[in-house]
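Visitor: What follows is a structure written as structure tokens; I'll ask about it next.
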Amino acid sequence: MKKTAFITGASAGIGKALAEVFAQNGFNLVLTARREDRLRELQKSIQDKFDVKVYPLPADLHNVEAPHELFDSIQSKGLQIDALVNNAGYSLPGSFHNTAWKDQAEFIQVLITSVAQFCHLFLPGMIKSGYGRIINVSSLSGILPGSAGFTLYSGAKSFVNQLSQTLFLETEGTGVNVTAICPGYTYTEFHDVNGMRESVNRLPSYMWMDAATVANQGFEAVMKGVPLYVNGATNRFFALLPKLLPNKRVLRMVDKSKADVGQL
């Protein structure tokens with residue numbers, strides 16, 4: 001019997017690539033994102049290529065009711081979720097004091113609250129069945145110091161890292177693996193949505209990874225039981241900086257880099 005993976009933010013980028021990786025490895029899929037047309041296109045594409053079932057469930061995770069509504073919808077279909085991928089996310093540029101609190105609260109709902117809630121909703125079933133895989137898509141920004149603008153992004157991703165590592169410890173011996181993956185700059189729509197494409201295109205090619213590589217590495221990491229995985233040798237080097245240099249110096253370096261080219 002095929003296992004089933006539930007993936008948020010699945011309509012593009014790393015989420016779409018992870019959907020393809022899980023399908024390639026024989027998982028049926030439940031996919032959610034705001035854009036139903038994109039989900040339907042991905043459903044057809046994956047079902048044409050792989051012998052799996054794909055269930056598109058469009059939803060807006062800004063809505064505080066969305067996680068439980070999605071959980072109930074999945075339950076009503078009689079589906080057991082064996083793998084959870086919390087990928088939905090974005091960044092919110094602008095100085096903290098000049099942005100609307102409604103926008104910041106919605107950001108927290110998507111990048112922090114929904115991640116924790118989905119883990120809380122699906123973990124009991126995984127533990128009961130003796131098998132589970134959770135990938136929380138974090139960022140190199142969750143390891144490096146924060147920077148001006150994109151105020152809550154680094155903190156949100158740091159939360160995801162800590163949550164993932166704690167759940168890794170709490171689920172040891174249950175058959176559940178929990179992994180946070182921390183990519184850096186990745187070729188996706190992420191920077192187009194934030195209007196940063198022209199800036200990030202100035203980065204050297206060695207700074208970039210493609211979504212398929214990030215997804216494959218993430219899948220391998222969770223299957224091997226790696227609690228925190230930084231994607232790419234260049235990013236692993238940058239992840240060491242806070243351990244090697246004084247915090248204030250790294251803070252300035254990161255702030256200048258992100259001011260020049262945008263959020264990771």
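The values are calculated or read from the model by the stated rules, or taken from the named source; none is laboratory data. A quick note: this is a predicted structure, and the numbers were derived from the prediction, not measured. Note: ideal-geometry Cβ built from the backbone for every residue, glycine included; neighbour counts use all protein chains shown.
Visitor: Considering only segment 1-83, give the strands (runs of 3 or more DSSP E) lying wholly within it that have at least 1 residues that are modelled with pLDDT under 95 and in contact with a Gly (Cβ under 9 Å, 6 or more places away or on another chain). First the steps, then the outcome.
Guide: On the way: elements: 4-8, 28-32, 54-56.
Because the criterion is at least 1 residues that are modelled with pLDDT under 95 and in contact with a Gly (Cβ under 9 Å, 6 or more places away or on another chain), no strands (runs of 3 or more DSSP E) in segment 1-83 meet it.
Visitor: Still on this structure, I have one more. Checking LEU42 against (1) buried (at least 18 other Cβ atoms within 10 Å of the Cβ); (2) under 29 Å from ILE127 (Cβ atoms): exactly one of these is not met. Which one?
Guide: (2) is the only condition that LEU42 fails.
Visitor: Quick check, is ALA211 over 29 Å from GLU170 (Cβ atoms), surrounded by 17 or more Cβ atoms within 10 Å (Cβ to Cβ), in contact with a helix residue (DSSP H, G or I) (Cβ under 7 Å, 6 or more places away or on another chain) and modelled with pLDDT of 75 or more? Before the answer, list the steps.
Guide: Working: over 29 Å from GLU170 (Cβ atoms): yes; surrounded by 17 or more Cβ atoms within 10 Å (Cβ to Cβ): yes; in contact with a helix residue (DSSP H, G or I) (Cβ under 7 Å, 6 or more places away or on another chain): yes; modelled with pLDDT of 75 or more: yes.
When the stated conditions are applied, ALA211 passes them.
Visitor: Regarding THR113, is this residue over 25 Å from VAL222 (Cβ atoms), surrounded by fewer than 22 Cβ atoms within 10 Å (Cβ to Cβ) and hydroxyl-bearing (Ser, Thr, Tyr)? I'd like the intermediate steps shown before the answer.
Guide: Details: over 25 Å from VAL222 (Cβ atoms): no; surrounded by fewer than 22 Cβ atoms within 10 Å (Cβ to Cβ): yes; hydroxyl-bearing (Ser, Thr, Tyr): yes.
Considered against the rule, which asks whether it is over 25 Å from VAL222 (Cβ atoms), surrounded by fewer than 22 Cβ atoms within 10 Å (Cβ to Cβ) and hydroxyl-bearing (Ser, Thr, Tyr), THR113 comes out as no.
Visitor: Here's something else I'd like to know. Give me the pairs: first residue in segment 126-137 and closer than 15 Å to THR4 by Cβ, second residue assigned to a helix (DSSP H, G or I) and of a type in the set (Phe, Trp, Tyr), beta-carbon distance under 8 Å, and six or more apart or on different chains, which are they?
Guide: GLY132/PHE122; ILE134/PHE122; ILE135/PHE219
Visitor: Kindly provide the set of residues from segment 175-198 that are assigned to a loop (DSSP other than H, G, I, E, B) and at pLDDT 60 or above, ordered by number. Reasoning before the result, please.
Guide: Here is the first cut: in segment 175-198, the residues assigned to a loop (DSSP other than H, G, I, E, B) are 175, 183-185, 188-189, 194-196.
Selection gives GLY175, PRO183, GLY184, TYR185, THR188.
Visitor: In segment 217-231, which residue that is farther than 12 Å from PRO183 by Cβ and in a helix (DSSP H, G or I) is farthest from the chain's Cα centre (by Cα)?
Guide: LYS224
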